[in-house]
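Notes follow once the structure below has been shown.
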């Protein structure tokens with residue numbers, strides 16, 4: 001088979017994300033979310049999807065598509081998380097007095113207010129944990145006479161260790177462990193789709209829960225590449241502009257903000273290249289990201305795989321025939337155990 005024929009025969013890449021009590025799958029033209037309700041039934045939603053490159057061709061260009069994809073996936077991720085909570089019924093709980101006060105003051109739905117606050121708090125936590133905290137020892141080392149490149153490498157290592165520690169702590173939270181199981185179910189289902197086997201929970205269970213195109217790998221690649229990239233850039237700014245320590249620090253902060261899209265774009269191209277290559281070097285380079293996924297995935301149950309498969313089938317082929325909820329979502333009743 002020629003290279004062109006091989007590309008045509010290969011199934012399209014399917015992306016996904018674990019959500020509250022379920023899985024989101026993103027096909028080229030549709031997005032589907034499937035969640036398991038407390039009573040055991042599966043609720044499935046399907047929506048059309050047009051990629052940014054489909055709207056504006058320049059957004060699909062190499063180096064640019066990575067930054068665009070990062071922003072769009074963050075936006076989409078928050079949307080499907082909110083949708084999954086509504087589908088599973090967790091958003092039906094009575095809001096607290098504080099939530100009602102916020103909704104009254106801001107004139108918005110309680111779920112949107114809480115989601116907005118969560119996003120703000122997440123950004124504050126990320127900046128404090130991964131930017132400000134590592135700068136404390138970095139400044140001390142710089143004052144002690146360490147070179148700028150050495151300081152950047154040390155602070156970068158601290159950031160990676162903080163990321164690993166943060167993910168380990170998340171694994172102790174019961175709801176997060178459950179979400180990590182659905183993350184594993186997503187990966188196994190994508191593998192089964194790529195292997196072109198029948199999509200059953202038993203078949204999907206045979207595959208690995210670690211996938212080379214996972215966002216966890218993208219996160220680690222971005223961390224590592226940003227350390228190397230900004231170490232070189234900082235030294236360049238320091239030598240070319242001849243700034244003092246305070247001036248160099250301000251320029252470093254500004255460069256990180258302005259050049260973040262470039263770093264994300266290059267990291268995305270690295271991820272794509274490594275994910276679709278099976279050379280020994282590619283496998284070695286993607287190995288650290290795959291191992292980090294051991295912290296963000298867990299082995300799923302067959303019931304969780306059933307949810308992931310329902311999402312995959314809906315994204316590719318449409319909603320199943322049968323019952324519908326009052327909001328038009330497909331409803332798959334929990335299978336009754338067979339009588340012995």
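Readers should treat all values here as calculations from the given coordinates under stated rules, not as data from a laboratory. Everything numeric in this text was worked out from a predicted model, so none of it was measured. Neighbour counts run over all protein chains shown; Cβ positions are idealised from the backbone, glycine included.
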Per-residue Cβ neighbour rank within 10 angstrom, fewest leading, 217, 88, 208
208, 88, 217
Residue exposure sequence - 325, 297, 279 - by fewest surrounding Cβ within 10 Å:
279, 325, 297
